[in-house]
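Engineer: Structure incoming, see below.
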Amino acid sequence: MAAPIDLHEVMEREREERFRTRWRVKACSSTACLSAGAGATIKAMEDLVERDDMVLEVQVIPTGCMGLCSAGPLIRMMRRGGDEADYRNVTPEAAVEIVRSHVLDEEPVPEYQLDTSMPFFTSQERVVLANGGVINPDRIESYVAHGGYQALEKALTTMKPKAVVEEIRKSGIRGRGGAGYPVASKWSLLAAASGKTKYVVANGDEGDPGAYMDRTIMEDDPHRLIEGIAIAAYATGANQAYIYVRAEYPRAIERLDRAIRVARRNRLLGRKILDTNFDLTVEVRIGAGAFVCGEETALMASIEGRRGTPQLRPPYPTEKGLWGSPTMINNVETLANIAPIISRGGDWFASLGTEKSTGTKVFALAGDITNTGLIEVPMGTTLREIVEDIGGGIPDGKQFKAAQTGGPSGGCIPSKFLDTPVDYDSLRELGSIMGSGGLIVMDEDVQMPDVAKYFMEFSMDESCGKCTPCRVGTVQMHNLLQRLCDGTGSKQDLRDLEHLCSVVRDTSLCGLGQAAPNPVISTLQYFRDEYIALIDQQEVVHA
Amino acid sequence: MSDTRTRRVAGATDSQQGDHPSGDNRFDLVDKHLKRARYEQDQLIETLHVAQDVFGYLSEDILIYVARALRLPPSMVYGVATFYHLFTFDPPGDHSCTVCTGTACFVKGADDIVQAVSDTYSVPAGETSEDGSLTLKTARCLGSCGLAPVVVFDGNVLGHQDTESTLELVAGAVGGGG
């Protein structure tokens, strides 16, 4: 058996590498920037370095997401031990100009420069995304150089499993998948469960349309997730773990597969991890396009190779999960928070955010907003700060109408609640949910009944068909919404719709069915006049 | 049920014929995956992914082949394959145009793009045109919401699309549009 990785030696080596050249160019090569042409930009810079013989002067480093996806491709020029300059919309020609100007003339290129003093950057607090735009996701050394796997080493060599769970309890972290269940409680349940085989599962089935936080973590910082899984498994006595990833994320699957292989080779996974008595196998399992598989019992059915239909709980997975053994399912973002909590302590984590919602939350900011991209803010940040400061407001001088959170299980928050702090409990009070972190901003042109219909169509398509209220109810609700949106609906249709909302909510088998009426309920609550207007219009026509 | 081992899968060309008992060497790739997965039954979804990658779609023969290899009832394999949206049972067109209809793209008018391509090429969303030149698909969310609306044409992800740019794109590859 090969010796395990020496984290401190790798760190030293990487530090030397960092100071090898006078300039380093970090180039965002996340999916959004690649779609905007980052591949050609990176190639142009590499060719330039080669052609102009700047190999000893400049190194080009592809990194994960820098955040401001709407301004991609993004690059960052970093001078050894000194200044940094960020650039946006960097075409291949611009990249050549920028690199030449910095390296030869020590001059920035204001034309493409990105103002990093704007609130989009200064109002964020990056814990989960700390490595975005910093490390090269394909190199474990790069992760280690920024403190990677030290939390795992600390846990395995200096902490008892119980102490790890205790630290998580102190942090107060709640599940980032949407429901906000205390993470430490879940961990204690699995730790207390009896049985020789126990499983830890990372839920990377990010099915909410408009959400891509988990994808970014899996693609841009795969080792962070693996480290979190390893710590969770150690704390709960599990020796087998799965990462369940949507098939729609091929790049995440590829990166995780490679990261797992590399971690195993370095004795960070496999047998006798870091020369301790802890063994852990991690495997990637791929979904095949079914929203319901984000629900934990359906997800387990899918891992077992079956149709992803949910089961009634109890028994909860921590009693009887995969193949009948105790299983714990955590969201990807939750697990990405674990290493920092162990490294810096639960008290540090609890000092971020609010009393009942600690830490930070990553949001995918999209829709009718100036700055779209991936942001991370302390829990309790107000919606106004997110929309107006970080998001830069609504473009084209239009008015903010609503923010949608929680995807098809969530709701729309109108402008009068812009000053609500974003945390689990406040959002729930408003009839929405935190969800996994999609945050879609809608301007005055968006018709709310259309939005409700859009989400109902989604829930109707994605209903797994196992229980009748959800299978039949979503179709009927969609029909009613279709009629209302077409302007052919009646007051009775609206009454039927409201009645169905409560039936489906109260009688569906799983959380997804129970939450399917939420977009309708919340738009009816805040934008009822728009529904009424659609009916009146029709009655006017008939008169 | 007929013996799949002696039947050929439609679409296999002569150059793909070889040593595999089915006469279609593409099954070797499926076999290779099955072997690596030690013929574990819980590898069904992964195996179907591999088969679809290799053949482009899942024909009845392929489903029966996978069922036998994993010692599963064909009804279960069919049930699983039809449950998940990503498995397809018809051969794909020469070109594929996928329009993201996630929430961000929806807000930015993705529905108009789908409608325009669908009308221009007389192909309903989720299907392939009659001449087999174009498959029009919609995706729930490609997770590139910062670039909404997003269109994926023949595997290339393109951001900030509108009806015009998408139709131009499709016409460039498929031709026509009139």
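Engineer: Counting each DSSP H run of 4 or more residues in the protein assembly as shown as -39500 (n - 2.57), what helix-only mean residue ellipticity at 222 nm follows after dividing by all residues, to the nearest 500 deg cm²/dmol?
Structural biologist: -12500 deg cm²/dmol
Engineer: What angle, in degrees between 0 and 90 and rounded to the nearest 10, separates the Cα long axis of helix B:110-120 from the longest principal axis of the Cα atoms of chain B?
Structural biologist: Result, in degrees: 80.
Engineer: Also, quick follow-up: Gap in Å between the Cα centre of region A:143-188 and the Cα centre of region A:459-532?
Structural biologist: 39 Å
Engineer: Please give the net charge around B:Arg36, taking every other residue with its beta carbon less than 15 angstrom from that of B:Arg36, where Lys and Arg add +1 and Asp and Glu add -1.
Structural biologist: Once all neighbours under 15 Å are counted, the net charge is -3.
Engineer: Sticking with this one: Pairing the Cα long axis of helix A:7-18 with the longest principal axis of chain A, what angle in degrees results, from 0 to 90 and rounded to the nearest 10?
Structural biologist: The helix A:7-18 is inclined about 80 degrees to chain A.
Engineer: Next question, about the same structure. Quick one: dipole size for the protein assembly as shown, taken about the Cα centre, charges +1 on Lys/Arg Cβ and -1 on Asp/Glu Cβ, in debye to the nearest 20.
Structural biologist: 3320 debye
Engineer: Roughly how far apart, in whole Å, are the Cα centres of region A:227-249 and region B:61-92?
Structural biologist: 28 Å
Engineer: Then there's this: All other residues with a Cβ under 14 Å from the Cβ of A:Tyr149 taken together, and with Lys, Arg as +1 and Asp, Glu as -1, what is their net charge?
Structural biologist: -2
Engineer: Go through A:Lys154/A:Lys356; A:Lys186/A:Lys361; A:Lys320/A:Lys361; A:Lys361/A:Lys466; A:Lys160/A:Lys196; A:Lys416/A:Lys491 and tell me which ones have a Cα-Cα distance over 23 Å in this structure.
Structural biologist: A:Lys154/A:Lys356; A:Lys320/A:Lys361; A:Lys361/A:Lys466; A:Lys416/A:Lys491
Engineer: Still on this structure, please answer the following. Roughly what angle does helix A:250-265 make with the longest principal axis of chain A, taking Cα atoms, 0 to 90 degrees, to the nearest 10?
Structural biologist: 40 degrees
Engineer: Still on this structure: Compute all pairwise cysteine Cβ distances in chain A, then list the cysteines with no distance under 4.7 Å to another cysteine.
Structural biologist: A:Cys65, A:Cys69, A:Cys293, A:Cys412, A:Cys464, A:Cys467, A:Cys470, A:Cys485, A:Cys501, A:Cys510 - these cysteines have no disulfide-compatible partner (Cβ-Cβ under 4.7 Å) in chain A.
Taken together, the values in this text are just the output of simple stated rules run on the coordinates, not laboratory data. Bear in mind the structure is a predicted one, so any value in this text is a computation, not a measurement. Every residue, glycine among them, receives a Cβ derived from its backbone with ideal geometry; neighbour counts consider all protein chains shown.
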